[in-house]
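In what follows, a structure is listed as structure tokens, so that the remarks can point back to it.
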Amino acid sequence: MSGTNGERLNRRRFLGWAASGAGGILAAPYVITSTALGAEGRAPAGVKGPVGTASPTLAKWTPLFNGKDLSGWRKTGSAIFKVQDGCLVGTQTTGKGGDLWTEAEFDDFELRVTYRVVWPANTGFWFRHDGRKGYQYDVLKWKNPVAYSGTLYCPGKMFITKNLKESLENRDGWNEARVRAQGDELTLWLNGTQTGQCRDKTLRKGKIGIQVHGGNGFKGMKMIIKKMEVRALAAQAQPAAAKDIPPKTHPDVSKWEDLLKADLSNATYPKGVWSFEKGILTATKDINLWTKKQYDNFIVDVEFKTAPGTNSGVIVYCSNTKKWIPNSVEVQIADDFSPKWAKADKTWQCAAIFGHLAATERMVKKPGEWNRFTITCVDHMIYVMLNGQTVTVMDMRKWTSAKKNPDGSRIPSWLGIPKAKLATKGHIGFQGKHGGVPIYFRNIKIKELKAK
């Protein structure tokens, strides 16, 4: 973590890309772009892109390090970088750190690194670094706030996503770090387990780097790299339905349709349980309200207000309203300020995909204040914006297990159908007075997106 240790980088931009020698090492300062994929870089017939992408054409993996010397790299700062026994080794013995940078720049790509560390250490792999700041795949053990290797760091933002499972890393042996940066979607893995995913527009292109952090507490640390490879990705395609999906801000809904009629005649619910009063939708019991119509590609925009201890939700893609658990996806609403929910599993807190994916940031307001959700559902992708911030992005195709989430955490047993197997069309629902605690909704709008 922390900023670069060396002098300010030269921020020249270059065109094209090239590789030198049989090892394919990048030899000169070039920008690596998705448009630079030549015929030899195309994937064989039948090979698809990583899960969660728009099945881009894949380039071959290209080594960034040739195992012999530091061709294609440039050092800044006081750390020592050298080749030893076929590995790239970075260390510091004086308390002064440094960084090693590719001369090439990269925009949309996948990076994988086989590494081991001599501890104590604070190190990592920069990417999309523009000369002033960049993203970093952190390799560290951090106490406050707690974060372990596989955490995503960005200067000025601290930790964008955090890995809280120290056990994912083999601290005495080899590990594989992996990064996918495609458009504004950033995904990190450690030893095959996803440790973070987010959307962030801070940086679009830049260099890849290796950091050796300064500080007397890290004297003698070593980052040892056996293999470091990159491949370009095609730019992420948007659904034909809408080029601005998901919305970058809460949309203007003044011309959108009301999801529910004032008399609730287009909804199903037991008589007397749900009603609109002065434009506010409330329930008297813990019974859900469902739209009669089923929706596939859409954006639903709704304001909600919690009470102390509220536990509710907005439910999408429900194919069976009588058995909505587990035949749906619930975007959780909770009073995260109450002791019960403040201490709950993060996948049970507000704006999470309940039981499956935690929000990246706590944005819910205190009980009694109005909040705003913009929930975008396009095929298997679900985007949750809460109070101006996109905090949850789910690709249902990654949830192939009924027992474990992609990050290895346990899924509650009652949610026993993998999200990858759910229909991407269904009723929209609102959870009632769960646990006897009220929930309030208003200004419920929907925009259906055109079919692909």
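Within region 264-273, is even one residue of a type in the set (Ser, Thr, Tyr), in contact (Cβ under 8 Å) with a residue 60 or more places away in the chain, more than 30 Å from Leu70 (Cα to Cα) and surrounded by 18 or more Cβ atoms within 10 Å (Cβ to Cβ)?
no
Tell me, which strands (runs of 3 or more DSSP E) wholly within region 129-221 include 2 or more residues that are crowded, with 23+ Cβ neighbours inside 10 Å, in contact (Cβ under 8 Å) with a residue 40 or more places away in the chain and hydrophobic (A, V, I, L, M, F, W, C)?
Those strands (runs of 3 or more DSSP E) span 175-182, 185-190, 206-212.
Being under 30 Å from the mean Cα position of the chain (by Cα), assigned to a strand (DSSP E or B) and not polar (S, T, N, Q) is the requirement here; does Val253 meet it?
no
For region 437-452, which positions are more than 19 Å from Lys365 (Cα to Cα) and modelled with pLDDT of 95 or more?
Pass one, region 437-452, residues more than 19 Å from Lys365 (Cα to Cα): 445-452.
Passing the criteria: Lys445, Ile446, Lys447, Glu448.
Go through region 264-284 residue by residue and tally those that are among the aliphatic types (A, V, I, L, M) and part of a loop (DSSP other than H, G, I, E, B).
Residues meeting the conditions: 2.
Yes/no per residue for (1) within 15 Å of Asn66 (Cβ to Cβ); (2) outside the structural domain of Asp184 (by TED's automatic domain parsing); (3) surrounded by 18 or more Cβ atoms within 10 Å (Cβ to Cβ); (4) touching a Leu at 6+ places or on another chain (Cβ under 6 Å):
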residue: Val83; (1), (2), (3), (4): yes, no, no, no
residue: Leu88; (1), (2), (3), (4): yes, no, yes, no
residue: Thr94; (1), (2), (3), (4): no, no, no, no
residue: Ala121; (1), (2), (3), (4): no, no, yes, no
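How do the pairs read when you match residues in region 92-117 that are hydroxyl-bearing (Ser, Thr, Tyr) with residues anywhere that are modelled with pLDDT under 95, using Cβ under 6 Å and keeping only pairs 6 or more apart or on different chains?
Between residues of region 92-117 that are hydroxyl-bearing (Ser, Thr, Tyr) and residues that are modelled with pLDDT under 95, the close pairs are Thr93/Lys219.
The values are calculated or read from the model by the stated rules, or taken from the named source; none is laboratory data. On a predicted model such as this, the values are computed, not experimentally measured, just so you know. Virtual Cβ from ideal backbone geometry, glycine too; neighbours counted across all protein chains shown.
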